[in-house]
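Colleague: Sharing a structure here in structure tokens format.
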Amino acid sequence: MNARVIPSVSERAGAHLTHLVSAIYGGAFPASFEVPLAISQISDHNGKVPPEAMDVEARRNLQALEAIAADDHITQRTLAGQLGIALGLTNIYLKRLVRKGFVKCVNVQSNRLRYLLTPKGIAEKTRLTYEFMEYSLFLYGHVRSHLRQVLQPYALDNRRRIAVYGTGEAAELAYLSVTELGLELVAVFDSADAGRFLGHTVRDIEAHDQVDFDLLIVATLGPADPIVERLVELGIPSDRLVTLRK
């Protein structure tokens, strides 16, 4: 029997956020978002300190608890693949979860273990999911507010031709801000041709001079400086580049 494919923590959160965006703005929105979990502290427009981002251990705990909840016959090797860590480290994580009372380990055969969530583990999974969602919603609000501030002068100045660099969830978030302001998405670029995205054929960024655009949004929620440096090296003026975060 084939092992079940378990959606990642961010995929599940992204699905909830996509439904939320659709409910607020109406209609369908592109595929689910994904949020980086290790990101520096930022403040909202009121100066409030945002919810703290999950650290790596908490993220992996949540991923492990979700995977075990979805498939109590999961093996350590399968779990290691889903967490993206070595098998030995997965064993350490599982022992820690058992020691904390989140997971119960049951012998079903001499060489086979079964992992079950305890009531305490279910409560911990719920708490971590809420923490993740709270931070995700804050981050999306911050990014959209920042993009509105940056893009609005272009809308008022009738410079409406916007391009996006990137084809991930961050690009979908940028697309939402572009459409909100009535701007025109004229191109999607990436490091190489990659099919279609947001209704556009994805172009190699090295062919940027073949498209007339007023502004290029660098669509990443991670560190943007290395990407900006490369784009400038390719001949794109720095004053035509905007990142998703200040």
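Colleague: Does at least one position in region 130-141 carry a residue that is of a type in the set (S, T, N, Q), at pLDDT 85 or above and not assigned by TED's automatic domain parsing to the domain that holds Gln210? Write out each step before concluding.
Modeller: Going residue by residue through region 130-141, those that are of a type in the set (S, T, N, Q) are 136.
Narrowing further to those that are at pLDDT 85 or above: none.
No: zero hits.
Colleague: Quick check on this structure: which one of Arg203, Arg148 is part of a helix (DSSP H, G or I), farther than 25 Å from Ala70 by Cβ and not β-branched (Val, Ile, Thr)? Please lay out each step first, then the result.
Modeller: Working: Arg203 fails: part of a helix (DSSP H, G or I).
Just a single option satisfies the conditions, and that option is Arg148.
Colleague: How many residues are assigned to a strand (DSSP E or B) and either without any contact (Cβ under 8 Å) to a residue 12 or more places away in the chain or not charged (D, E, K, R) (or both) when one looks only at region 52-111?
Modeller: Within region 52-111, the first condition is being assigned to a strand (DSSP E or B), and the residues that meet it are 103-109.
Filter once more, so that each one left must be either without any contact (Cβ under 8 Å) to a residue 12 or more places away in the chain or not charged (D, E, K, R) (or both): 103, 105-109.
Matching residues across region 52-111 total 6.
Colleague: Still on this structure: Just one of the numbered conditions (1) surrounded by 12 or more Cβ atoms within 10 Å (Cβ to Cβ); (2) more than 22 Å from the chain's Cα centre (by Cα); (3) without any contact (Cβ under 8 Å) to a residue 40 or more places away in the chain; (4) over 19 Å from Leu173 (Cβ atoms) is not true of Val186; which one?
Modeller: Answer for Val186: the failing condition is (4).
Colleague: Another question, then. Are any residues in region 112-149 touching a residue at least 60 places away in the same chain (Cβ under 8 Å) and surrounded by fewer than 16 Cβ atoms within 10 Å (Cβ to Cβ), and if so, which ones? If you could, list the steps in order and put the result at the bottom.
Modeller: Our first condition is that a residue be touching a residue at least 60 places away in the same chain (Cβ under 8 Å); within region 112-149, this holds for 124-125, 128-129, 131-143, 145-147.
Correct list: Glu134, Gly141, Ser145.
Colleague: A follow-up question, please. Scan region 92-128 residue by residue and report those that are of a type in the set (S, T, N, Q) and either at pLDDT 90 or above or not assigned by TED's automatic domain parsing to the domain that holds Arg60 (or both).
Modeller: Hits for region 92-128 are Thr118, Thr126.
The values are calculated or read from the model by the stated rules, or taken from the named source; none is laboratory data. Please read these numbers as outputs of a predicted model, since none were measured by experiment. With ideal geometry, Cβ positions are generated from the backbone for all residues, glycine too; neighbour counts draw on all protein chains shown.
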